[in-house]
Amino acid sequence: MQLKASARQPLGKRSRRLVREGKVPAIVYGHNTEPTPIMLDRLEFQKVFVKSGRTHLIDLAIDGRAEKVLIREIQTHPRRQGPIHVDFYQVNLQEKIEVEVPVHIMGESAPVKQGDADVLQPMHSIRVECLPSDIPESFEVDITPLEEIDAELRVSDLKVRQGVTVLDDPEELIVKIVHKRELKVEEEIPAAEAAVPAEGEAAAEGEAPVEGEAAETEE
């Protein structure tokens, strides 16, 4: 995948105007590489990101010079759609790097299909170390073999191809089949705690009258 960019100078106050015009400021950095500020077309970047995610190498063409990069960080605005800044990591194809690889759940567990259970997924990505050309697109976890409630899969159960080293704890839980009520209780407890008034707060009804109000009432 290819993405065009142009070198830029520090933007200062021009940053907001360029974002409104459909441009996205970005920076390229990497091992033994000076950070390079660049400018992207927002729509072109979004099209590439949909296909590449954070695990596919991108040929980033900066004023005619191509570099192999990965998308590392995307900053967004709370009230505006789309990115407002992007960080690219320039890779050396001969050096191993650490990346986060997404976990995709596939298949269907019998208890879930029957409506007796839910899927609990504490981990949505796995940290690995490998050469840039060996980065897995994703880890696909098939839950079809999990035929009983409390059945689970951990990091140690992943099928990892040669050249890829998993950095997360092998005992970390990736997915588990749980009773519906268990998942519901886990969701309800934080909500119940949030509803409890903080110490010192008084309910609106039954508050003690302000000094002076009692005298007026008695009159």
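The values are calculated or read from the model by the stated rules, or taken from the named source; none is laboratory data. Everything numeric here is computed off the predicted structure, so don't read it as measured data. Here Cβ is always computed from backbone atoms with ideal geometry, including for glycine, and neighbour counts include all displayed protein chains.
See the values below:
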quantity	calculated
Residue in the stretch 57-66 that is within 18 Å of Met1 (Cα to Cα), acidic (Asp, Glu) and either in contact with a Lys or Arg (Cβ under 7 Å, 6 or more places away or on another chain) or at pLDDT 95 or above (or both) present	yes
Filter result for the condition that a residue is surrounded by fewer than 17 Cβ atoms within 10 Å (Cβ to Cβ) and of a type outside the set (D, E, K, R), over Leu60, Leu43, Leu3, Leu70	Leu43
Filter result for Ser52 (at pLDDT below 95 and out of contact with any helix residue (DSSP H, G or I) (no Cβ under 6 Å at 6 or more places or on another chain))	yes
Hits in the stretch 95-109 (condition: touching a helix residue (DSSP H, G or I) at 6+ places or on another chain (Cβ under 9 Å) and either assigned to a loop (DSSP other than H, G, I, E, B) or charged (D, E, K, R) (or both))	Glu95, Lys96
Test for Lys51: is it assigned by TED's automatic domain parsing to the domain that holds Arg20, within 21 Å of Ser133 (Cβ to Cβ) and out of contact with any strand residue (DSSP E or B) (no Cβ under 8 Å at 6 or more places or on another chain)	yes
Some residue of the stretch 177-198 being in the same structural domain as Leu120 (by TED's automatic domain parsing), at pLDDT 90 or above and either more than 26 Å from Gly107 (Cβ to Cβ) or of a type in the set (Val, Ile, Thr) (or both)	yes
Tally of residues being exposed (fewer than 14 other Cβ atoms within 10 Å of the Cβ) and either among the β-branched types (Val, Ile, Thr) or in contact (Cβ under 8 Å) with a residue 60 or more places away in the chain (or both) across the stretch 84-114	2
Residues (in a helix (DSSP H, G or I) and closer than 18 Å to Arg181 by Cα) located in the stretch 110-155	Ala110, Pro111, Val112, Lys113
Failed condition for Lys23, given (1) free of Cβ contacts under 8 Å to residues at least 60 places away in the same chain; (2) closer than 26 Å to Glu137 by Cα; (3) out of contact with any Gly (no Cβ under 9 Å at 6 or more places or on another chain)	(2)
Of all residues in the stretch 71-97 being charged (D, E, K, R) and over 16 Å from the mean Cα position of the chain (by Cα), the one that is nearest to Ala5 (Cα to Cα)	Arg80
Unmet requirement for Asp134, which otherwise passes all of (1) over 28 Å from Leu57 (Cα atoms); (2) at pLDDT 90 or above; (3) out of contact with any Lys or Arg (no Cβ under 6 Å at 6 or more places or on another chain)	(1)
